[in-house]
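Data first, discussion second: the structure below is written as structure tokens.
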Number of protein chains: 2
Amino acid sequence: MTTAPTQTATDRAFNFSAGPAVLPEPVIQQAKKDLWNVFGSGMGVCELSHRGPEYDRILEECLADTREIGNIPDNYHILFMQGGATLQTSMIPMSFLPAGKTADYFDTGKWSHDAAAEASKFGSMNIAGITRDENYCRLPTEAESNYSNDAAYCFFVSNNTIYGTQYNRFPNTKAPLVCDMSSDIYCRPIEWNKYAMVYASLQKNLGPSGQACIMIRDDFLQTAPDDTLPKLMDYKIAQKKQSRYNTPNTFAIYLMGQVVKWIKSEFGSLAAVEKYNIEKAALLYDMLDNSPFYSAHVNNPDERSTMNIPFKTTAPDLDKKFIAEAAQINLSTLSGHRSIGGMRASMYNAMPIEGARALVEFMKKFESENA
Amino acid sequence: MTTAPTQTATDRAFNFSAGPAVLPEPVIQQAKKDLWNVFGSGMGVCELSHRGPEYDRILEECLADTREIGNIPDNYHILFMQGGATLQTSMIPMSFLPAGKTADYFDTGKWSHDAAAEASKFGSMNIAGITRDENYCRLPTEAESNYSNDAAYCFFVSNNTIYGTQYNRFPNTKAPLVCDMSSDIYCRPIEWNKYAMVYASLQKNLGPSGQACIMIRDDFLQTAPDDTLPKLMDYKIAQKKQSRYNTPNTFAIYLMGQVVKWIKSEFGSLAAVEKYNIEKAALLYDMLDNSPFYSAHVNNPDERSTMNIPFKTTAPDLDKKFIAEAAQINLSTLSGHRSIGGMRASMYNAMPIEGARALVEFMKKFESENA
């Protein structure tokens, strides 16, 4: 077992996309075979009945491996639902925010901001903390936080994909914690006893786009209403039907299963994944902190993301030049989000440390030529 | 240009699955390459930013080819939304069934039955016709139909995947027609001027599961409410954001694009596709009609599906034996739906006529050994 997966193929770029994002190369190699003929069935993985024995095996293995490597307790269900993380932001208040109660939201970036706005369509929503005025370059402190009494739940996004903050602590509330981990799920171990519900769209650390994975504690799930929501927005139906009320996104679930098997074989534990991600991110943060030419968007080391690292040079024109020249040597998709500009290096689990090293080498060269 | 695609690979079965279903082999071969590195970008098709130039091209080509081969008029939008056909059955009444109006539904099988039940959660629903008591072996006649005055819309399913009926006419109503074509879209030309809205989940004739494609007339779309629905259930947002309000199921849209390119190159028109499908289905219907050993579920030739053909032998035990022996010679996934039993041969566009011939040959042999 190695903790340093390497990307060796010469016809592949180091892909720093924020998502959909780089997948492990052994996973893609397996998927190429299985697209044509999976398990010797004579049928490809996209062509299988979702009620047949081949897909039964795919789903069962994906669930078992996800539970095993994530150390998910038995009282948490693993559900697959379509609509990505965005549909979750509607389903959560529709399901868990009854009349007469308030839900707390931390506004720490675009996705949590949008989630809070969506919740306010369906019930009473309180902003428990916000750093919007500082362009989300840090997280709200506990001293700044303003919790509701007896909140229905407290919602936060563990990692901000655009601005590059990441929680290394938990909101100090007794309300059930609901966390969007779309951009950092399985980048590190999860303390399940802190959460009522965790969810992620797959397209950063777990697979392709178009699928959300939800881990939800049974007692929290049981507080959802019965038979009033649109069928596909009903967590109870998803649980009772084992994520097969309708035809699921079978390819996404297959590919997530392969990614989770890769985590198991390549790292063995989420603690090992975390160690590797910290090592990768440190290469880039060290470069940013030791150069007058580059600056990081987030300065507090306790709040810096290991997944998404936005940074800039000294001028927007140089940023553009940086992105263009990097692309020439196959350091791809380094543009920052349109709301913040500059560059962003997304380095999910599947980004090999060689990608971070290559980026740092290029940064040094670019600085020497342009500073 | 040939109208007889052949399935020649020896490690592939003839896959009669009702969906997810057989894909064209050239499409799978292309997908295997593009999973690794698409357009020479160094990135695989599941790893592309949905805002990047490679995905822009994939989406634009898919839309253009879908519009061209389908002869879709300019006043119809093509939208991609997650949640498959099932979420559409919630979204349609939530969007187009205002208080004080009634929607007409034809109950002609499981999916239309469930759609009608879902609509009744959100507004006034009228069953305009039903053949449930006859185990859906035929469609309601116009004489039996009971339309509402000034209905908000009239909903029907063009092809019943489970029971094997298919409409070759249109409900005779002035209400806007909304049609679920999940299991027969692009099996034949579509008379667009008859419909306000058509939709399909992709996993039968257009690609993998986990994605719906919606063709909707602009004036009908504009009657949807503003800003009150969950964001991902809002057709107007999907249209304004060109199916990219959130991260779409990029792989499904890519694969649909490849399937539509295949239809263009292999058939050249939906009229040619229809001719091929009629020829394929006739092989099986002729066999069923000329054997005392087999019987079809649907007898009216005007209502027989070219896509899904449920049939039985003379006894349930023989049906089981048939399915098992067929699987031995790579005629796969021939089990009937659990609600009807027996066998079902689904023969979507991508099923080569050689598959139908191989099935008929096996049926003759099985009859001679077991009649």
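Summary table
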| read-out | value |
| --- | --- |
| Residue match in region B:131-148 (condition: within 14 Å of chain A (Cβ to nearest Cβ) and open to solvent by 10 Å² or more (accessible area, probe 1.4 Å)) | no |
| All positions within region A:201-237 that are of a type in the set (A, V, I, L, M, F, W, C), within 12 Å of chain B (Cβ to nearest Cβ) and open to solvent by less than 10 Å² (accessible area, probe 1.4 Å) | A:Leu202, A:Leu206, A:Ala212, A:Met233 |
| Residue in region B:164-175 that is of a type in the set (Gly, Ala, Ser), in contact (Cβ under 8 Å) with a residue 12 or more places away in the chain and open to solvent by less than 10 Å² (accessible area, probe 1.4 Å) present | yes |
| Failed criterion for B:Asn15 (all others in (1) more than 7 Å from chain A (Cβ to nearest Cβ); (2) open to solvent by less than 10 Å² (accessible area, probe 1.4 Å); (3) under 30 Å from B:Arg344 (Cα atoms) hold) | (1) |
| Breaking point among (1) within 14 Å of chain B (Cβ to nearest Cβ); (2) open to solvent by 20 Å² or more (accessible area, probe 1.4 Å); (3) under 30 Å from B:Gly123 (Cβ atoms); (4) at pLDDT 95 or above, for A:Gln258 | (3) |
| Flag for A:Gly40 being over 23 Å from the mean Cα position of the chain (by Cα) and more than 14 Å from A:Tyr254 (Cβ to Cβ) | yes |
| Qualifying residues in region A:296-319 (those that are out of contact with any Ser or Thr (no Cβ under 9 Å at 6 or more places or on another chain) and among the charged types (D, E, K, R)) - the one surrounded by the fewest Cβ atoms within 10 Å (Cβ to Cβ) | A:Asp317 |
| Which listed residue, of B:Ser339, B:Ser368, is farther than 13 Å from B:Ala281 by Cβ, open to solvent by 40 Å² or more (accessible area, probe 1.4 Å) and in contact with a helix residue (DSSP H, G or I) (Cβ under 8 Å, 6 or more places away or on another chain) | B:Ser339 |
| Given (1) of a type in the set (A, V, I, L, M); (2) at pLDDT 95 or above; (3) in the same structural domain as B:Glu144 (by TED's automatic domain parsing), number of the condition B:Leu232 does not satisfy | (2) |
| Count of region B:20-41 residues which are surrounded by 21 or more Cβ atoms within 10 Å (Cβ to Cβ) and at positive phi | 0 |
| Every residue from region A:278-313 that is among the basic types (Lys, Arg) and either in a helix (DSSP H, G or I) or not assigned by TED's automatic domain parsing to the domain that holds A:Ala345 (or both) | A:Lys280 |
| Residues satisfying the stated conditions in region B:116-130, i.e. open to solvent by less than 50 Å² (accessible area, probe 1.4 Å) and in contact with a Pro (Cβ under 9 Å, 6 or more places away or on another chain) | B:Glu118, B:Ala119, B:Gly123, B:Ala128, B:Gly129 |
| Residue within region B:96-109 that is crowded, with 24+ Cβ neighbours inside 10 Å, within 11 Å of chain A (Cβ to nearest Cβ) and over 22 Å from B:Ile263 (Cβ atoms) present | no |
| Matching residues, region B:156-201, being β-branched (Val, Ile, Thr) and outside any strand (DSSP E or B) | B:Thr161, B:Ile162, B:Thr173, B:Ile185, B:Ile190 |
| B:Gln88 being closer than 23 Å to B:Asp234 by Cβ, under 21 Å from the mean Cα position of the chain (by Cα) and facing chain A (nearest Cβ under 7 Å) | no |
| Search result, residues across region B:42-85 that are of a type in the set (Gly, Ala, Ser), open to solvent by 20 Å² or more (accessible area, probe 1.4 Å) and more than 13 Å from chain A (Cβ to nearest Cβ) | B:Ala64 |
| Region B:26-38 residues that are more than 10 Å from chain A (Cβ to nearest Cβ) and within 14 Å of A:Gly44 (Cα to Cα), paired with ones that are of a type in the set (A, V, I, L, M, F, W, C) and open to solvent by less than 50 Å² (accessible area, probe 1.4 Å) (beta carbon under 8 Å, 6 or more apart) | B:Pro26/B:Trp262 |
| Any chance B:Ala252 is more than 10 Å from chain A (Cβ to nearest Cβ) and among the hydrophobic types (A, V, I, L, M, F, W, C) | no |
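Yes/no per residue for (1) over 30 Å from B:Leu202 (Cβ atoms); (2) part of a helix (DSSP H, G or I); (3) in the same structural domain as A:Asp184 (by TED's automatic domain parsing):
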| site | (1), (2), (3) |
| --- | --- |
| A:Ala224 | no, no, yes |
| A:Gln239 | no, yes, yes |
| A:Tyr245 | no, no, yes |
| A:Pro248 | no, no, yes |
| A:Phe251 | no, yes, yes |
| A:Tyr254 | no, yes, yes |
| A:Gly257 | no, yes, yes |
| A:Lys261 | no, yes, yes |
| A:Tyr276 | yes, yes, no |
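The values are calculated or read from the model by the stated rules, or taken from the named source; none is laboratory data. The structure presented is a predicted model; accordingly, all values stated were derived computationally and were not measured. Methodologically, a virtual Cβ is constructed for each residue, glycine included, from the backbone with ideal geometry; neighbour enumeration extends over all protein chains shown. Accessible surface areas use protein heavy atoms only, side chains included; no ligands, DNA or RNA. Shrake-Rupley method; radii C 1.70, N 1.55, O 1.52, S 1.80 Å.
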